[in-house]
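Nothing in this text is a laboratory measurement; each read-out follows from the coordinates by a stated rule. Note that the structure is a prediction, hence the values are computed from the model and not measured. Backbone-built Cβ (ideal geometry, glycine too); neighbour counts: all protein chains shown.
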Amino acid sequence: MKKILLVLILLLPSISFGQVNIESIRNNQKKKIFWGEAKGGLELQRGNVNITSFDLNFLVHYKHKQHHTFLQSKSAQGQQSDKKFKNNSFVHLRWTWMKWNIIGLELFTQLQQDEFKSLKIRQLNGGGLRSEVLQKKDLSLSIGSGVMLDYEKILDKESSSLWRSTSYLTFLKSFDKNKKNLILLTLYYQPLLSNHKDYRINLEANVRTILITSLRLFIENSINFMYDTQPPEGILTNDLVIKSNLVYEW
């Protein structure tokens, strides 16, 4: 196993964990059983305003025959003039079993917190079906649908446990046979089962380009729009996040 290279420069460090695009980290690597990647970065500013901000993202995959398991962990911290303005973390574990090649089963669990969105803890546990409708060398289309239990504890509020539907549509276009240069589009829709007017939408576009082939370094740019009809009190209904990262793959 090769050493993970921890490098990473972040051009735009803002990260939001209200909704997370898992399809952007699902890798269709066929030749390896075990692989992963590390990405993130650092922002330093000194002068009229002193800012220190960093984020780290680690991802590990295990794939054997029809089984695919992956674990992702994220953390982001930021201070401006000794005052904290960013503190969030996130862990996601997912198992996919493509028993019938085109259609398979998924189970997942997710844990996150975001101090500056009044989110003390959110835990998601769920499962569903995944269908890889189109699988070509340079093109793929996947859809998924299921249910999840959404446990949430908001600052100064009682905890709640609600059932949500979760559905997604993913389109991937690669520009080389190893899928190193690609475009990925993903749409998530997550309504409450008891109230379809309470829903979350996550629309994300990712562009990944190889930077240094020998070092397995990539540049990844993404635009992410998130909308929540019922956010915590004092939090806006929508977020727009634009990011650019260096990524090391091993």
| request: Among the numbered conditions (1) over 23 Å from S75 (Cα atoms); (2) touching a strand residue (DSSP E or B) at 6+ places or on another chain (Cβ under 7 Å); (3) of a type in the set (S, T, N, Q), tell me where Q135 comes up short. | output: (2)
| message | Within the range 135-145, does at least one residue satisfy the condition of being closer than 24 Å to N224 by Cα, without any contact (Cβ under 8 Å) to a residue 60 or more places away in the chain and of a type in the set (S, T, N, Q)? | response | yes
| task | Scan the range 61-85 and report the pairs whose first residue is closer than 10 Å to I51 by Cα and in contact (Cβ under 8 Å) with a residue 60 or more places away in the chain and whose second residue is polar (S, T, N, Q) and surrounded by 13 or more Cβ atoms within 10 Å (Cβ to Cβ), with Cβ atoms within less than 6 Å and a gap of 6+ or a chain change. | result | G78/S53
| query | Here are F90, F116, F108: which of them is free of Cβ contacts under 8 Å to residues at least 60 places away in the same chain and among the aromatic types (F, W, Y)? | reply | F116
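With the structure loaded, tell me whether D150 is part of a strand (DSSP E or B), closer than 24 Å to D239 by Cα and of a type in the set (D, E, K, R) or whether it fails that test.
Yes: the conditions hold for D150.
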| How many residues are within 30 Å of E152 (Cα to Cα), touching a Lys or Arg at 6+ places or on another chain (Cβ under 9 Å) and of a type in the set (A, V, I, L, M, F, W, C) if we restrict to the range 176-233? | 6
